[in-house]
1. Name the one entry in Ala458, Ala448 that is modelled with pLDDT of 95 or more, buried (at least 20 other Cβ atoms within 10 Å of the Cβ) and aliphatic (A, V, I, L, M).
2. Quick one: is Glu631 out of contact with any Asp or Glu (no Cβ under 7 Å at 6 or more places or on another chain) and modelled with pLDDT under 95?
3. In contact with a Leu (Cβ under 8 Å, 6 or more places away or on another chain), in contact (Cβ under 8 Å) with a residue 60 or more places away in the chain and either open to solvent by 30 Å² or more (accessible area, probe 1.4 Å) or closer than 19 Å to Val566 by Cα (or both), is that true of Gly475?
4. Say whether the condition of being open to solvent by 20 Å² or more (accessible area, probe 1.4 Å), among the charged types (D, E, K, R) and over 21 Å from Ser456 (Cα atoms) is met by at least one residue in the stretch 485-505.
5. Report, by residue number, each residue of the stretch 358-405 that is over 26 Å from Ile609 (Cβ atoms) and aromatic (Phe, Trp, Tyr).
6. When you scan the stretch 195-217, how many residues do you find that are open to solvent by less than 10 Å² (accessible area, probe 1.4 Å) and touching a helix residue (DSSP H, G or I) at 6+ places or on another chain (Cβ under 6 Å)?
7. Quick check on the stretch 436-445: of everything there that is more than 19 Å from the chain's Cα centre (by Cα) and part of a loop (DSSP other than H, G, I, E, B), which residue is modelled with the lowest pLDDT?
8. When you look at Asn308, is it open to solvent by 10 Å² or more (accessible area, probe 1.4 Å) and either under 15 Å from the mean Cα position of the chain (by Cα) or touching a residue at least 40 places away in the same chain (Cβ under 8 Å) (or both), yes or no?
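The values are calculated or read from the model by the stated rules, or taken from the named source; none is laboratory data. A quick note: this is a predicted structure, and the numbers were derived from the prediction, not measured. Virtual Cβ from ideal backbone geometry, glycine too; neighbours counted across all protein chains shown. SASA here: full protein model, heavy atoms, side chains in, ligands and nucleic acids out. Shrake-Rupley method; radii C 1.70, N 1.55, O 1.52, S 1.80 Å.
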Amino acid sequence: MKSFFKIIFRILTVFIFIIAVIISIAGGILFYKTSNADLILKQGYTPVKIYDKDNQLISTDNCYYSYTSIQDISEHIIHAFVAIEDRDFYKHHGFSTKRIFKALVNNITNNDMSQGASTITQQYVKNVYLTNEKTIQRKVNEIALAFELEKRYTKDQIMEAYLNSILFGGNIYGIKMACLYYFNKEPKDIGISEAGYLAGMIQAPNYYNAYKNPEEATSRKNIVLKCMLEEGYIDTAQYNREVKYNLQDLLAEKEIKASGNYLSSYIDYIYDSIDLTKDSIREIHTYLDSEIQKELYRIVNNDYNLFNDDELNCSIVVLDNETYGVKALIGNRSTNQRVINYAYDVKLQPGSTIKPILDYAPAFEYLSYSPATLITDEEYTYQNGVNINNYDHSYLGTITLRKALSDSRNVPAVKLFNQIGYERAFAFAGNIGIESDEIYEADAIGGAKTGYTLLSLANAYQAFANLGYYKKASGIQSTVYDSYTSYNNTLPRLAMKPTTAWLINNILHDVFKDSSYDLKNTYLMAKTGQTNYDSQTLEKYGIPYGSTKDSLLIAYTKDLTIGVWVGYNTISSTHYLDRYKKNIPRNIMRIILSKFAKDNQYYDEIEGITKCYITISNDKVYLAKDSGYYEYFIEGTEPHSYPSSYEEA
């Protein structure tokens, strides 16, 4: 009975909607009769106010936008948009009765009023004059305004305004900026597949961003091409040729000119973190620390003379361990352009920075191992028979896990990964934001197929800094919309045992302990990582054997976590990292943390951790009376006996 009344209610709703549409159109815009003079074609975005952590206004308009005439837009673009968005665009008068009835029937059938049946003209009206609220009144207003707009302007004028008002992801507005951003081409030079991508992506611009989700973007592009074929805009031969193109082969380095100031990279990140297509955003309050951001800008602009090659690239993230906020971010040394952002756009091979996450922390978590647990560093192969080498091409024999991790030995890492089991290792990693669809044995030492972003790696290490508590890092504290405010108030969750995090911290403190990179004012923990070119690349480009491709560093104190990447955008005979370049991340770490990390922050021993005076004899761990050293254990796993030599003595 309830279902029957629901159906009747929805039918009445549809009937009222149709009557309202007829009245509004017949009356010449029922709801906007007094504002017809304002019904002019204009650009389709409202500037957003962005504030830093101290509530200081840092930006009022950082969108990338440039108007372009329809005469300068490829017909492929127009055909693609008409095919996927509004096949009757050149026939209707602002709205499509056929599409409205079809959507209403689907809404009733599916018990869902979300289908909108909007024409291109209606979409333009909604983007420029109305809100995104899903109400009958807004829909009626939209149709009425679209009808009036079609009486005032030609189809080409409306199409031109529409293409110049669309959001293409992040803060990229309008067809010209989209063409430059994704393909480094003017709109008049865009081909069929490129047009198909641009038309398809606007349904969900951040999701169908080909830099981030190339497979999904390519699939969506091919749907548009199918529509273009059905409408006769391309023939079968063109369709068969174009569907074979993978978007990754078409994409260009992002080359949109930015303002060139120290904030550009961070604000780009903020815009890429939100969906501007859902609701009208008025203000964004961020975690930005302007002083740290300025320091990052000085670093990548080479004020410290760290970079001896202008083509050498760098990205840096700085996170607040208390709030899980992104305090500062630089994604590329090209700060005067909207380019690929290596802080959060690009998935990097993690190198040895993955070892605490996939190998050592899960061993403490699941196997109750300790820093004193012994493991043999020896000749070893993957299960497919391929040899595993350490960075120094030597083996140390029986060593502790403390030594194995602090010295970043590869063989012990792979052994631990196998002992833990792939599924458990990645279950642990997934709990702190490190996920992978495909798992390989080489993942244990950073040989990931797709890799992880620098931001996600730094975010994962925050869980160690916070003794097991994880929350996805964000640059946004709150977002103010037209009628409400959304707050980033998700609470951190316990992702591992506090004892696991504490032991990782204790070992990673050894990495730079007593070196020139150690901090004198507080407690530093760090892990480096490097990746190498494969043998085929070395041979093809004449790069010296053993050359380093990327150098990464994740470092943290109790209050701050930073991630640094240094590498090249392209491959050539000179694009590799020598000993000096590999160490640039260490120098960057020292500059940032020496200035901004709080003084005198240390970790006290916690419940569940015990400290013992031990010695190692005959490849076993014993208690010691003298000639030993102190080590930490998970309570209940510490040794309880002395070596036999003590008893004899």
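1. Ala458
2. No.
3. Here the answer is no, as Gly475 does not meet what is asked.
4. no
5. Hits for the stretch 358-405 are Tyr380, Tyr382, Tyr391, Tyr395.
6. Within the stretch 195-217, residues that are open to solvent by less than 10 Å² (accessible area, probe 1.4 Å) and touching a helix residue (DSSP H, G or I) at 6+ places or on another chain (Cβ under 6 Å) number 8.
7. Per the criteria, the residue is Ile439.
8. Judged against the criteria, Asn308 is a match.
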